[in-house]
Amino acid sequence: MPQPETTTRPSATAAGGPGRAPGAAGLAAAHRRRVDALLRRSPAQPLFRARAARRLAVLAYHGIDDPQAFAAQMERLRRTASPVTVGEVERAVAEGRPLPPRSVLVTFDDGDRSVVTEGLPVLARHGVPGVAFVVAGLVGGDQPFWWREAEFLARHGGTARSLPPGTGPGAAVRRMKAMPDPDRRRSLAEMRVSASRRAPRQEQLSVEDLHTLRGAGVRIGNHTAGHPCLDRCDDQTLRAEVTEAHRALERWLGEAPTAFAYPNGGTDPRADRVLRDLGYRLGFLFDHRHDALLPRDPLRISRLRVNSSTSRDRFDTILSGLHPAVHRLRGGR
């Protein structure tokens, strides 16, 4: 039987991934830094930066692993951009009035507690608003995010019939995200039984934390009840994932959420219909693109992928749109 693990906050996956030699990981990181520096100093960067001034940049963070770097990023936004609230985006859409040039919206997916403990003081200090999309089914508990649990279990011998023998932790999570949702849930249950250790508990946001965030200028949005890939769910599960989270957030906060972020960015026309029925005004993707200052489809607004430890060089080229353009040219999604 699996042995219980002591309570800890799961750490991020190492840059090189499980089983990769530290030397190889270090070389890959150094290569990325060189490429990022070259891109930032590229003659194309000023051209992209000028174009980006006429676009909306929605930054998609998760947890805050490097508060100092995150503070530098927010200070840079305050100096060079126009941070906006999700309410301002909603009003722009409702009134058909574009947002100001260089508008940036800061968002956080999943609801990692570090957004409260590490991110909120930084946002308050720099006067940057934001929106946190939370997995409502985890609020008030200590169940880890399912993908962190699956990665841990795979690293400790967890197997499932749907996973080929020898599947590594990262590959296991990628395969599970692509499965029909019942298969994903069944695979996770099998991994829990077969792994040598149970995954560590993870303290999740409390209802009080949600109120703290909202009181400090961070709106709370819906990120489903359990973070499945909606395009892998049947009709009943999809509706339940959105509506149950919606009702819980409305009960806790006394007001209905009006912004939604698709888990893993996976959109589905069925989800659009549910969101419209519930009165949602905005929906956010995870596609590493800018959007228009007046978004054409308010339920499918593009976002730029970033994290708190993103280097200064890469952060600048993400904001300009040069990094996303190169990412697409290289076949990234």
- Report the equivalent ellipsoid semi-axes for region 72-147 in whole Å, largest first, defined as the square roots of five times the eigenvalues of the gyration tensor built from alpha carbon atoms. 27, 17, 9
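In the chain, what % of DSSP beta bridges are antiparallel (nearest 5)? Present the calculation step by step, with values, prior to reporting the outcome.
Values: 2 of 26 bridges.
So the antiparallel bridges amount to about 10 percent of the total.
Let me check something: with ligands and nucleic acids excluded, how do T85, T317 order by accessible area (1.4 Å probe), largest to smallest? Numbers along the way, then the final one.
On the way: T85 50, T317 0 Å².
Most to least solvent-accessible, the answer reads T85, T317.
Using unit Cβ charges (K, R positive; D, E negative) and no other charged atoms, how large, in debye to the nearest 20, is the dipole of the chain about its Cα centre?
Numbers: 52 positive and 36 negative charges, 281 e Å.
Once rounded to the nearest 20, the dipole reads 1360 debye.
Of the GluC sites (Glu not before Pro) in region 239-333, which ones lie in a loop per DSSP and count no more than 16 other C-beta atoms within 10 Å? Please list the in-between numbers first.
Details: sites: E241, E244, E250, E255; in loops: E255.
The qualifying sites are E255.
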- Stretched out fully, how many nm does the piece from A292 to D277 gain, at 0.36 nm a residue minus the Cα gap? 2.9 nm
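Out of the trypsin sites (Lys or Arg not before Pro) in region 25-79, which ones are loop residues according to DSSP with at most 15 other C-beta atoms within 10 Å? It would help to have the intermediate numbers written out before the result.
Details: sites: R32, R33, R34, R40, R41, R49, R51, R54, R55, R76, R78, R79; in loops: R41, R54.
Here the trypsin sites (Lys or Arg not before Pro) that fit, given the DSSP loop and packing criteria, are R41, R54.
Estimate the FRET efficiency between A94 and S196 by the formula 1/(1 + (r/R0)^6), using the beta-carbon distance for r and 41 Å for R0, to the nearest 0.05.
Working: r = 54 Å, r/R0 = 1.32.
Calculated transfer efficiency: 0.15.
With all protein chains present, how much of the accessible area of the chain (probe radius 1.4 Å) comes from carbon and sulfur, to the nearest whole percent? Write down the numbers at each step before the final one.
Values: 8020 of 15530 Å².
Answer for the chain is 52 percent, counting heavy atoms of protein chains only.
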- Note on the structure: Calc'd 3J(HN,Hα), region 294-309, phi into Karplus 6.51 cos²θ - 1.76 cosθ + 1.60 (θ = phi - 60°), Hz, glycine/Pro = x, comes to 10, x, 6, 10, x, 8, 9, 8, 5, 9, 9, 7, 8, 9, 5, 9
- Message: With every atom except the alpha carbons ignored, what do you get for Rg and Dmax of region 107-228, in angstroms?
- Response: 16.5, 50
- Which entry is the computed mean projected area of the Cα convex hull in nm² for this structure: (1) 18.6; (2) 17.0; (3) 22.3? (2)
- Query: What residue among L293, L163, L138 shows peak mean-square fluctuation when the chain is described by a Gaussian network model with Cα springs under 10 Å?
  - Reply: L163
- Query: Just in region 128-204: which trypsin sites (Lys or Arg not before Pro) are loop by DSSP and have at most 10 other Cβ atoms within 10 Å?
  - Reply: R161
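Taking only protein heavy atoms into account and a 1.4 Å probe, give the accessible area per residue of the chain in Å². Each step should come with its number before you reach the end.
Numbers: 15530 Å² over 333 residues.
I get 47 Å² per residue for the chain.
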- Task: For region 172-310, calculate the relative contact order in percent as a whole number, restricting contacts to Cα pairs under 8 Å that are 6 or more residues apart.
- Result: 18 percent
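Report, as a whole number in µm² per second, the diffusion coefficient that Stokes-Einstein gives for region 150-214 at 25 °C and 0.890 mPa s using the Kirkwood radius over alpha carbon pairs.
It diffuses with D of about 190 µm²/s by this estimate.
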- Message: How many angstrom lie between the Cα centre of region 88-145 and the Cα centre of region 35-77?
- Response: 17 Å
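The values are calculated or read from the model by the stated rules, or taken from the named source; none is laboratory data. Every value quoted in this text rests on a predicted model; they were computed, and no experiment measured them. We place every Cβ from the backbone using ideal geometry, glycine too, and count neighbours over all the protein chains shown. SASA here: full protein model, heavy atoms, side chains in, ligands and nucleic acids out. Shrake-Rupley method; radii C 1.70, N 1.55, O 1.52, S 1.80 Å.
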